[in-house]
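This report concerns only the one structure given below.
The values are calculated or read from the model by the stated rules, or taken from the named source; none is laboratory data. Since the model is a prediction, treat every value here as computed from it, not as a measurement. Every residue, glycine as well, gets a Cβ built from its backbone with ideal geometry; the counts of neighbours run over all protein chains shown.
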Amino acid sequence: MKKGNLNEDNWLAGFLESDGRFHKRHASLEAGIRSRISCRLRIEQRKVDLVSKESYLDVLTEIAEFIHTKVSIRKQLKQEESTILLLSLI
């Protein structure tokens with residue numbers, strides 16, 4: 001797992017390349033008069049690594065704080081996942 005400052009190397013970029021998803025959406029409101037653009041970054045990770053049994057929560061919390069958001073935890077099927085969601089509306 002990553003230890004140290006996230007803005008000192010390319011570790012975060014590699015993590016996002018592997019486990020992050022980016023979405024953009026354009027929605028028209030009021031018959032095309034107004035529109036809204038949203039951009040999302042979503043990172044989903046199981047709560048605990050299956051091999052090492054280490055929790056991902058610490059590193060996900062560090063990433064969430066770095067991008068000024070928070071981690072949410074949800075149960076999907078039989079396992080819990082930690083999710084970071086960053087949403088920007090324009």
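A few remarks follow.
- Near pairs, Cβ below 7 angstrom, 6+ apart or cross-chain, from the range 60-73 (touching a residue at least 40 places away in the same chain (Cβ under 8 Å) and of a type in the set (A, V, I, L, M, F, W, C)) to any residue that is surrounded by 17 or more Cβ atoms within 10 Å (Cβ to Cβ) and not in a strand (DSSP E or B): Ile63/Leu12
- In the range 1-22, residue surrounded by the most Cβ atoms within 10 Å (Cβ to Cβ) [restricted to those that are of a type in the set (Phe, Trp, Tyr) and free of Cβ contacts under 8 Å to residues at least 24 places away in the same chain]: Trp11
- The range 41-55, subset modelled with pLDDT of 85 or more and in a loop (DSSP other than H, G, I, E, B), residue nearest to Leu85 (Cα to Cα): Glu54
- Test: residue in the range 56-71 that is assigned to a strand (DSSP E or B) and either modelled with pLDDT of 85 or more or aliphatic (A, V, I, L, M) (or both): yes
- Within the range 23-38, the presence of a residue that is part of a strand (DSSP E or B), surrounded by 13 or more Cβ atoms within 10 Å (Cβ to Cβ), in contact with a Phe, Trp or Tyr (Cβ under 6 Å, 6 or more places away or on another chain) and touching a residue at least 24 places away in the same chain (Cβ under 8 Å) is excluded.
- Qualifying residues in the range 45-66 (those that are within 14 Å of Leu12 (Cα to Cα) and in contact with a helix residue (DSSP H, G or I) (Cβ under 9 Å, 6 or more places away or on another chain)) - the one surrounded by the most Cβ atoms within 10 Å (Cβ to Cβ): Ile63
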